[in-house]
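To start, the structure under review is shown below, and the notes come after it.
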Amino acid sequence: MDDTVIKAQGVGLTFQTADGPIHALKDVDLDIDRGEFVSFIGPSGCGKTTFLRSIAALETVTAGQISVNGMTPDQARKARAYGYVFQAPGLYPWRTIRGNISLPLEIMGFSREERAKRIAHVLELVELENFGGKYPWQLSGGMQQRASIARALAFDADILLMDEPFGALDEIVRDRLNEALLTLWAKTQKTIGFVTHSIPEAVYLSTKIVVMSPRPGRITRVIQSTLPRERPLEIRDTPEFIALAHEVREGLREGHSYD
Amino acid sequence: MTRVWRNAAPVLTVLMVIIAIWYLGAVRMNATWERDQAARASEELTTSQMITRTLTQDRPILPAPHQVAVGLYDGIAGQAITSRRSLVWHAWVTLSATLAGFAIGAGAGILLAVGIVHSRSMDQSVMPWAVASQTVPILAIAPMVIVVFASAGITGLLPKAIIAAWLSFFPVLVGMVKGLRTPDAMQLDQMKSWSASDNQQFWRLRLPSSLPYLFTSLKVAIAAALVGTIVGELPAGATAGLGARLLSGSYYGQTVQIWSALFAAALLAAGLVAIVGIIEKATLRRMGLAR
Ligand SMILES: Nc1ncnc2c1ncn2[C@@H]1O[C@H](COP(=O)(O)OP(=O)(O)OP(=O)(O)O)[C@@H](O)[C@H]1O
Ligand SMILES: [Mg+2]
């Protein structure tokens, strides 16, 4: 059960720009085990998005290597190893919620019956059973983001990569969605990579918190959570939670003192 | 009721002002001829005589609005629609060539746009020629097209439709290229994350995203197709169509006929654009893209 699904070894990524090279990632080593919930946190520009995109084969690393399920990221993508949730829901206005969730399934060639079955299943997972026939503009921002998570879950990849999925939402909605995400994670046993700017969110959700720092983008600290997997919202008032949050804050500060 | 009035009031006011200026212009421009006539007959014209005469001439330099209205009404409703004097018949001749040219032009524009978006080399090779084609004055091209086709024994609808297509493919090409390129980096990454093929990306993302742009350009294109058709009807020999009506009117100094044909063309253009607009609205509303 405890096998590594994502393995980064000496990963570097340099963007060649008109103003010279930008070292978005440098010497990144990280192992993510099956079923882990890993958060990436760090100041803007530290390469969180770039790292997640490299895992998803949306960027190509320029040094080191990443393996996903023992394959290159490109092979893993073609093997439908992951679902990716972007910062914006990116739902198509001309498709209903059901139609939007159906989109990747159509592209991957699932049969009509199979699609219907999967759509019903993921709608239930994100608690949108009654909204399948609605259009995106008829839903709130939080519901839209849930729909986009459902879309990423529909083809049942083992890995879910999420880049600040709740960044644009208010705190109350965010709390609810975080709770829902944990429930979903417990139910589906997926491995989740999650980018965030919020310390409480990272601590609340993760089994492992990866603290990053910029110029060049690198990992400064990996914190293993001591919280149980079962997490009611109130856990955020426990001393254990506060201690973890403190440790993350320390890590962030440490990263900053380098420059 | 009051809301309708409030919306219509500015339009009506402008219309009244235009009509008033038109009447003044008609009196002024047609006055010279009346003055010459009066001088030849050594009469003195009172102002009211002057006004009634300038507004009722047979071949005025500028016909008065009511003369054009009568001419238009007579042309549309006063003749059997199969008669050569019927504006409806001429409008139909023009309309059929316009629609054919519009279909050819829009089709070509869409196909070229798809090619351009999918292939870098087409982007670089087609676009400059498309732009160049529009910088050549249509008035210079139209007679050549007519003559070339006529020498091959083809007359009537097709050569006019080709000229209409020449003018209408360009806005569709430009609008469609822009439309097909609207999907943003995130939407394209999404497609990539699902390992979608170019084909799937085109039919499921690019094409639907482009529709608002396509419709906007179709409205421009259909009006351009009408202009193209009318220009195609101007070269010597054409006897049918609103363009021919314009030309024969100017040969014989039938200014009322010219203006009637002009208004018929304007009404036709407005109607065509409105129809495209209605289809646009209905489609975009259904797709949730209406703004
Ligand atoms: N396509 C690109 N071309 C050039 N530079 C890029 C590109 N993408 C990212 N970068 C640069 O790489 C660095 C890391 O960017 P990245 O988006 O990964 O940061 P981030 O940690 O996700 O930041 P944020 O929290 O603001 O989202 C930044 O300096 C950014 O300017
Ligand atoms: Mg980012």
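Within 10 Å of the Cβ of each residue in A:48-61, the mean number of Cβ atoms contributed by other protein chains is 1.
For chains A and B, what's the summed buried accessible area, probe 1.4 Å, to the nearest 100 square angstrom?
Protein heavy atoms only, the A-B interface buries about 1900 Å².
Membrane-span-like helices in chain B, defined purely by DSSP H runs whose alpha carbon atoms cover 30 Å or more axially and whose average Kyte-Doolittle hydropathy reaches 1.6, are B:87-118, B:157-180.
Build a GNM of chain A with springs between Cα atoms under 10 Å apart, and of A:ASP74, A:ASP31, A:ASP170 the one that fluctuates most is A:ASP170.
Work out, in µm²/s and without decimals, the Stokes-Einstein translational diffusion coefficient of chain A at 20 °C, 1.002 mPa s, Rh from Kirkwood over C-alpha pairs.
Values: Rh = 18.9 Å.
So the translational diffusion coefficient is about 113 µm²/s.
Rounded to the nearest 20 debye, the dipole size of chain B about its Cα centre is 740 debye, using +1 on the Cβ of Lys and Arg and -1 on the Cβ of Asp and Glu.
Note: region B:87-286, Cα convex hull, 125 Å³ per residue. Semi-axes of the equivalent ellipsoid for the protein assembly as shown, computed as √(5λ) from the eigenvalues of its C-alpha gyration tensor and ordered from largest down, come to 70, 26, 22 Å.
Counting only Cβ charges, +1 for Lys and Arg and -1 for Asp and Glu, the dipole size of region B:202-291 around its Cα centre is about 600 debye.
In straight-distance terms, cross-link reach from A:LYS48 covers every one of the lysines whose alpha-carbon lies under 17 Å from its own, apart from those fewer than eight places away in the same chain; here that gives A:LYS7, A:LYS26, A:LYS208.
Among the lysines of region B:87-286, pairs at least eight places apart or on separate chains and with Cα atoms under 20 Å apart come to 4. As a rough guide to protection, the peptides A:119-132, B:41-54, A:236-249 ranked by mean Cβ packing within 10 Å, highest first, stand as A:119-132, A:236-249, B:41-54.
Highest mobility in the GNM of chain B, judged by mean-square fluctuation with C-alpha springs under 10 Å and restricted to B:PRO128, B:PRO143, B:PRO159, is found for B:PRO128. Taking every protein chain into account, the accessible area of region B:87-286 amounts to 45 square angstrom per residue (probe 1.4 Å). Near B:PHE102, once Lys and Arg are set to +1 and Asp and Glu to -1 for all other residues with Cβ below 12 Å from its Cβ, the sum equals +2.
With N residues in region B:2-62, what two-decimal value do you get for its Cα radius of gyration over 2.2 N^0.38 Å? Before the final figure, lay out each step's value.
On the way: Rg = 16.6 Å, N = 61, 2.2 N^0.38 = 10.5 Å.
So the Cα radius of gyration is 1.58 times the expected 2.2 N^0.38 Å.
Note on B:SER121 and A:THR62: the model spin-label points, each 7 Å out from Cα along the C-beta direction, lie 3.1 nm apart.
Taking a straight Cα-Cα cut-off under 21 Å and skipping sequence neighbours fewer than 8 places away in the same chain, the lysines within cross-link reach of A:LYS117 are A:LYS134, A:LYS187, A:LYS190. Peptide B:194-202 has a mean of 4 when you count, residue by residue, the C-beta atoms of other protein chains within 10 Å of its C-beta.
The values are calculated or read from the model by the stated rules, or taken from the named source; none is laboratory data. Please read these numbers as outputs of a predicted model, since none were measured by experiment. Cβ atoms come from the backbone with ideal geometry, glycine included; neighbour counts cover every protein chain shown. Surface accessibility is based on the protein's heavy atoms, side chains included, excluding ligands, DNA and RNA. Shrake-Rupley method; radii C 1.70, N 1.55, O 1.52, S 1.80 Å.
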